Amino acid sequence: MDVDAVPGVPGWFAEHLREGGIETLYPPQAEAVEAGVADGESLVASIPTASGKTLIAQLAMLSAVERGGKALYIVPLRALASEKREEFSAFEDHGVSVGVSTGNYEDTGEYLASMDVIVATSEKVDSLVRNGAPWIDDLDCVVADEVHLVDDAERGPTLEVTLAKLRRINPGLQVVALSATIGNAALLAEWLDAALVDDDWRPIELRKGVHYGQALHFDDGSQRELRVGSGEKPTAAIVRDTLGDGGSTLVFVNSRRNAEGAAKRLATTTEGRLTDDERAQLAALAEELRDVSDTETSEDLATCVEQGAAFHHAGCASGHRQIVEGAFRDRLVKVVCATPTLAAGVNTPSRRVVVRDWRRYSGDVGGMQPLSVLEVHQMMGRAGRPGRDPYGEALLLANSHDELDELFERYVWADPEPVESKLAREPAMRSHLLATVASGFADSRDALLEFLDRTLYSTQYRQGSDGVDNLERVVDATLQYLEANGFVRLGDRIEATNLGHTVSRLYLDPMSAAEIVDGLEDAADPTAFGLYHLVSRTPDMYELYLRSGDREEYTMLAYEREAEFCGEMPSEFEEGRFEDWLSATKTARMLEDWASEIDEDRIAERYGVGPGDIRGKVDTAEWLLGAAESLAAELDLANVTAIREARKRVQHGVGEELIDLAGVRHVGRKRARRLHDAGIETRADLREADKSVVLGALRGRTKTAENVLEAAGHQDPSMDGVRPDADARPAEAAADPGGGAGGGSRGGGEDDGEGQSNLGDF
């Protein structure tokens with residue numbers, strides 16, 4: 001089908017596509033048009049990666065906007081939201097406004113009311129519905145990207161309930177669900193009352209196979225020699241072979257440590273294949289990576305990138321991941337070793353994909369467990385970019401002939417599993433049931449059941465094998481929990497209490513709220529450490545794991561600081577609870593170190609974490625302490641001030657005396673300390689400060705000093721003609737090669753990378 005033949009879309013869109021090299025639609029896209037995707041009809045598109053799902057979404061959204069409507073694009077990850085926002089920004093040249101929303105869960109996003117297309121995570125959309133964002137009522141089209149993630153225990157229930165609520169709010173809503181190829185796409189289409197496009201077509205050939213011995217064994221029965229040299233690993237041989245054909249390789253492994261180790265080893269393979277120009281560009285990228293954070297992770301990643309290799313996992317800061325993804329797309333970085341999270345939608349195609357590790361550790365089974373077929377096929381789908389690669393190859397690695405046969409049976413020839421709703425699991429149901437009541441979607445048991453009948457869970461599992469209604473059983477048990485903890489009142493009408501409304505608005509797991517409330521009521525004068533421990537033991541915080549040898553250290557620490565805990569410490573004989581308490585103690589001490597201005601690299605080393613982990617814990621603690629502050633105010637408790645101070649300290653990573661100063665834009669934790677040591681102790685001091693003192697404290701960086709003074713409201717922030725006060729210069733600046741007047745950072749720029757922002761947005 002020619003792009004001009006698509007009905008309903010704006011007239012400029014066909015030319016826009018042609019400018020991007022698209023003259024005709026792919027077969028699945030043409031099927032979608034025939035099914036009415038550009039006429040407002042709902043659709044489930046279950047097609048492989050790189051087969052044109054995003055264009056199907058654009059046809060739906062732009063035709064809705066052309067009819068005077070508003071469209072919402074839901075993604076599972078913040079990184080994907082930023083990527084799609086950038087991609088859709090090209091529409092703004094044609095009068096289509098595009099907005100993005102991923103952050104504050106209490107924000108109603110009123111500024112989005114005027115936008116034509118909005119990109120948001122499923123959690124953000126859920127919070128917007130809970131908080132009554134009025135523009136939600138105006139939606140005409142909703143696109144759910146990666147909808148097969150309803151199968152994910154963490155993110156799936158939110159997407160499932162959000163789609164059910166949006167369809168309830170807007171009865172005529174067009175829902176376009178984009179999915180990888182799955183085993184029960186027809187069931188998703190039934191759930192969403194949508195047409196189905198279920199196709200395995202790809203624009204370029206994807207050959208799947210297994211490397212064993214000295215050869216590649218493909219799914220069509222063919223073989224090709226790929227010899228592994230003496231002392232060489234199979235992965236290195238595959239990367240070497242791919243480089244010889246001008247391609248890149250994406251290697252999936254099962255842990256962060258393995259990702260880093262593999263990247264370091266493969267860097268010796270890629271380093272010799274770089275041109276002089278590539279070396280220069282990679283050296284510049286390496287300096288950018290070092291400026292993201294002062295940690296061993298930054299240094300190790302930069303060293304790999306200088307040699308043309310990289311690793312990618314959740315322990316990296318968002319700045320690390322963005323630089324690596326961009327360099328890999330540009331084929332500057334030749335190989336990326338990643339954990340499976342990279343397969344979840346971010347645009348990182350390569351010539352070859354190697355699934356090196358097809359098992360990973362599972363706490364549920366207490367050992368290694370095979371990955372699902374869907375996960376492995378998602379990874380494999382990253383192989384081959386239309387217009388860039390003549391083909392894509394996806395390979396698993398076998399160590400024996402029996403394993404060769406097993407991998408073909410288990411993954412290469414297998415169909416993906418059906419996706420299954422995880423809504424009935426306890427954490428998801430208690431949160432979404434409370435939100436459904438608090439936001440007015442249901443005010444009785446019958447109304448709750450009627451609403452939940454719109455979910456995938458009801459479509460799949462409402463009637464149990466024992467003849468009992470599964471939905472009724474789960475709802476009744478959850479309502480009893482919510483009533484027992486004071487979140488709802490039961491009777492002929494079900495209504496949320498004031499506390500229940502607050503918990504729903506704050507986007508808290510009700511169990512987290514119950515833990516926080518109990519802890520605050522127990523502690524009249526809590527310390528920062530005690531508050532950090534309180535939020536660290538809630539279900540909403542992913543605690544740090546206890547490593548080998550940690551138990552004794554943190555048991556001693558727990559007894560030393562027992563008086564600070566908000567709540568009673570469990571006995572050592574309560575094995576599971578005591579272990580969780582110690583994990584929360586470790587997490588709390590990391591947060592305390594951060595709020596005590598311990599350097600990021602020391603924190604990373606002490607706790608065995610990366611900068612992304614630090615950022616994640618800091619952000620979560622700030623959110624949970626903000627929620628604790630609201631709950632304390634709701635219950636008229638006396639410890640609101642202590643909570644607010646602990647929150648500000650962890651937000652900025654500073655001691656109590658620096659809270660005001662660190663809150664000034666462009667200052668951050670290290671600059672705040674330097675300014676304070678120079679005698680500038682508050683925002684008001686900074687507003688009236690001697691500019692030479694400010695310039696001296698900021699190590700002669702004129703642009704940084706101007707930005708800081710402007711943010712503080714200084715009457716004349718210009719540094720023209722100002723010389724730094726030598727007495728105000730930090731002691732370490734004397735050895736800093738970039739510390740002279742107007743000097744740059746390690747990468748040659750003005751910014752010294754010392755604000756809290758250097759941790760990225762995890």
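Express the C-alpha Rg of the range 241-363 as a ratio against the empirical globular expectation 2.2 N^0.38 Å, rounded to two decimals.
Values: Rg = 13.3 Å, N = 123, 2.2 N^0.38 = 13.7 Å.
Rounded to two decimals, the normalised Rg is 0.97.
Listed here are the pairs 53/124; 208/617; 334/670; 124/670; 586/648; 670/691; which of them are more than 29 Å apart at the Cα? Kindly include the intermediate steps, with their values, before the conclusion.
Numbers: 53/124 22 Å; 208/617 39 Å; 334/670 36 Å; 124/670 32 Å; 586/648 20 Å; 670/691 18 Å.
Cα-Cα > 29 Å for 208/617; 334/670; 124/670; rest within.
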- Loop-located GluC sites (Glu not before Pro) in the range 65-121, at most 16 other Cβ atoms within 10 Å (DSSP): 106
- Task: Once you have a ≥ b ≥ c as the square roots of the Cα gyration tensor eigenvalues for the chain, tell me rounded if a/c is under 1.5, and otherwise prolate or oblate according to whether a/b is larger than b/c.
- Result: rounded
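Got the relative contact order for the chain handy, in percent, Cα pairs under 8 Å and 6 or more residues apart?
On the way: 1417 pairs, mean separation 79.7, N = 762.
Computed value for the chain: 10 percent relative contact order.
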- Given 554, 474, 485, which one lies farthest toward the positive end of the charge dipole of the range 456-573, if we put +1 on the Cβ of every Lys and Arg and -1 on the Cβ of every Asp and Glu? 474
- Provide the FRET efficiency to the nearest 0.05 for the residue 525-residue 107 pair, computing r from the beta carbons and using R0 = 30 Å. 0.40
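Is there a quick way to get the dipole size of the range 206-412? I mean about its Cα centre, with the Cβ of Lys and Arg at +1 and of Asp and Glu at -1; what is the value in debye to the nearest 20? Write out the running numbers ahead of the final one.
On the way: 26 positive and 31 negative charges, 60 e Å.
Charge dipole, the range 206-412, about its Cα centre: 280 debye, nearest 20.
First measure r as the distance between the Cβ atoms of residue 224 and residue 331, then evaluate 1/(1 + (r/R0)^6) with R0 = 30 Å and state the FRET efficiency to the nearest 0.05. Intermediate results must be reported in sequence, preceding the final value.
Values: r = 23 Å, r/R0 = 0.76.
It comes out at approximately 0.85.
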- Item | Solvent-free Debye scattering, log10 I(q)/I(0), computed from the Cα coordinates of the range 426-496 at q = 0.14, 0.17, 0.20, 0.23 Å⁻¹ | -0.39, -0.57, -0.79, -1.02
- Taking every Cα atom in the range 133-203, find the radius of gyration and the maximum pairwise distance Dmax, and write them in Å. 12.9, 41
- Simple spin-label estimate for residue 400/residue 255, 7 Å along Cα→Cβ, in nm, reads 2.2
- Item | the chain - mean residue ellipticity at 222 nm from DSSP helices (-39,500 (n - 2.57) per run, n ≥ 4, rounded to 500) | -13500 deg cm²/dmol
- Apply 1/(1 + (r/R0)^6) to the Cβ-Cβ distance of residue 201 and residue 493, taking R0 = 51 Å, and write down the FRET efficiency to the nearest 0.05. 0.45
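Quick one: putting +1 on the C-beta of Lys and Arg, -1 on the C-beta of Asp and Glu, what dipole do you get for the chain around its Cα centre, in Debye to the nearest 20? Don't skip to the end; give the middle numbers.
Numbers: 80 positive and 137 negative charges, 291 e Å.
It works out to roughly 1400 debye.
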- State, in angstrom, two size descriptors of the range 495-651 derived from its alpha carbons: Rg to one decimal place and Dmax to the nearest whole number. 15.1, 49
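Each reported figure results from applying straightforward, stated rules to the coordinates on display, with no laboratory input. Computed from a prediction, not measured in an experiment: that's the story for all the values here. Every residue, glycine as well, gets a Cβ built from its backbone with ideal geometry; the counts of neighbours run over all protein chains shown.
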